[in-house]
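Take a look at the structure below.
Bear in mind these aren't lab numbers, they're just calculated from the coordinates by the rules spelled out. None of these values were measured; they are calculated from a predicted model. Positions of Cβ are backbone-derived with ideal geometry, glycine not excepted, and every protein chain shown enters the neighbour counts.
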Ligand code: BGC
């Protein structure tokens, strides 16, 4: 494992240091399109095929980390670790359980959570849509129909008007990953394999972002509004013309297609960095020197390239996710340290990086992979809901304190 010198140099005093979560992955007891899909006959049949003898319980989000009830404990741990920022998402299905009927008790819950953050000196960074939708959206085929845009912006206007103390918003999370998994590759609900549907969804998410941007800015002109995009570091593995062309093409489709279209309605870019992709010809041929529990190559230094590539947009960049599945906590401390060094290099080269939010604060429900991958700085014992701070979280905390 390559380790350079200790992380050293200055991040600004206002730099956001913290971690990220999303509602469905940690709250527990959500009723939305995902929770329904998890238990659908088709999904259960698929799981029984892949797990003929084992239990499939791990694939139902259920109580998750019970963060909905334990947010005070979790935020106090974040505070103890020196975090000054926390990314959470609002669960649309809680706010609008029936079309047009808003649940103010649930809105109050998110007021309490964000107020508690503020009380602790933790800036809340709030995502409005992290892939889950109310089940009634099925009648509009979720984001396939253009009605979704106005339905989403109505929900956004209610939420933002009720959370006036929140100034940092992310409209949508990783539209490219969602479209690919849900509409092209049939991995996630609604498990379609339709380019036509995928293009419609992608377009509507662009419109939804733009509308949401306008709505938020009207309600709170001081708000900073971004999206979270999952950009990889695509690297040409040789200088052959086909390699160079494919590298450019992958970069364009994955990293640029969405951003280019929304760049005029964007105050900052939320960058989720997980992947390095070494391209040879039209294929990805990574060295995979070190991999996570999910088999993903760990290539922390690539975040530098992912940041540098965004220079053309002239926007501040917040790292809104970056992390690894590492149950034994073998690589996380090293990974965080190397990532922060690369960010620091980017800053010293003139890139405007304003925060680093590790994925995730807590072990979480990892979508179609269930509870087995462990991404948390804090380990969750799902039987007892006991929280245990991982060693790597202490290392991250040390880095944060050394940079203040
Ligand atoms: C998503 C998270 C997910 C993480 C790790 C990101 O693409 O936004 O919800 O848990 O990756 O797979």
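For segment 369-404 versus segment 145-192, the inter-centroid distance based on Cα atoms is 27 Å. If you plug the beta carbon distance of residue 49 and residue 138 into 1/(1 + (r/R0)^6) with R0 = 30 Å, you get a FRET efficiency near 0.75.
For the chain, averaging the sequence separation of C-alpha pairs within contact (under 8 Å, six or more residues apart) and dividing by the residue count gives a relative contact order of 19 percent. Between residue 14 and residue 119, the C-beta separation translates, for a Förster distance of 22 Å, into a calculated FRET efficiency of about 0.70. Over the Cα atoms of segment 335-402, the radius of gyration divided by the Kirkwood radius equals 1.07; this is the Rg/Rh ratio. Helical runs (DSSP H, four residues minimum) scored at -39500 (n - 2.57) apiece and divided by the length of the chain put the mean residue ellipticity at 222 nm at -11500 deg cm²/dmol. Here's the picture: a label point sits 7 Å out from the Cα of residue 36 along the beta-carbon direction, and within segment 194-210 the residues with their amide nitrogen under 19 Å of it are 201. The Kirkwood hydrodynamic radius of segment 231-364, based on inverse pair distances between different Cα atoms, is 15.6 Å. Extending 7 Å from the Cα toward the beta-carbon at both residue 327 and residue 267 defines two label points whose distance is 4.2 nm.
Is the shape of segment 1-145 best called rounded, prolate or oblate, per the rule: a/c under 1.5 gives rounded, else a/b larger than b/c gives prolate, else oblate, with a ≥ b ≥ c the square roots of the Cα gyration tensor eigenvalues? Please report the intermediate quantities before stating the final value.
Values: a/c = 2.21, a/b = 1.40, b/c = 1.58.
In terms of gyration-tensor shape, oblate.
Based on the alpha-carbon gyration tensor of the chain and its eigenvalue square roots a ≥ b ≥ c, which shape applies: rounded if a/c is under 1.5, prolate if not and a/b is larger than b/c, or oblate? Rounded is the answer for the chain, as its axis ratio a/c remains below 1.5. Over segment 185-306, the reciprocal of the mean inverse Cα-Cα separation, the Kirkwood hydrodynamic radius, stands at 16.6 Å. Of all DSSP-defined beta bridges confined to the chain, some 15% are antiparallel rather than parallel.
Under the rule a/c < 1.5 gives rounded, and otherwise a/b versus b/c splits prolate from oblate, where does segment 71-210 land using the Cα gyration tensor? Intermediate values should be presented prior to the final figure.
Values: a/c = 2.37, a/b = 1.71, b/c = 1.38.
Because a/c hits 1.5 or more and a/b exceeds b/c, segment 71-210 counts as prolate.
Sorting 335, 152, 275 by the number of Cβ atoms found within 10 Å of their own Cβ, with the fewest placed first, yields 275, 335, 152. The order of 50, 123, 214, going from fewest to most other C-beta atoms within 10 Å of their C-beta, is 50, 214, 123.
Here the simple spin-label model places points 7 Å from the Cα toward Cβ, and for residue 104 and residue 245 these points are separated by 6.1 nm. If R0 is taken as 56 Å, the Cβ-Cβ distance between residue 63 and residue 238 corresponds to a FRET efficiency of 0.70.
Could you give the distance between the Cα centres of segment 103-135 and segment 306-357, to the whole Å? That distance is 25 Å.
Residue order for 307, 206, fewest other beta carbons within 10 angstrom first, comes to 206, 307.
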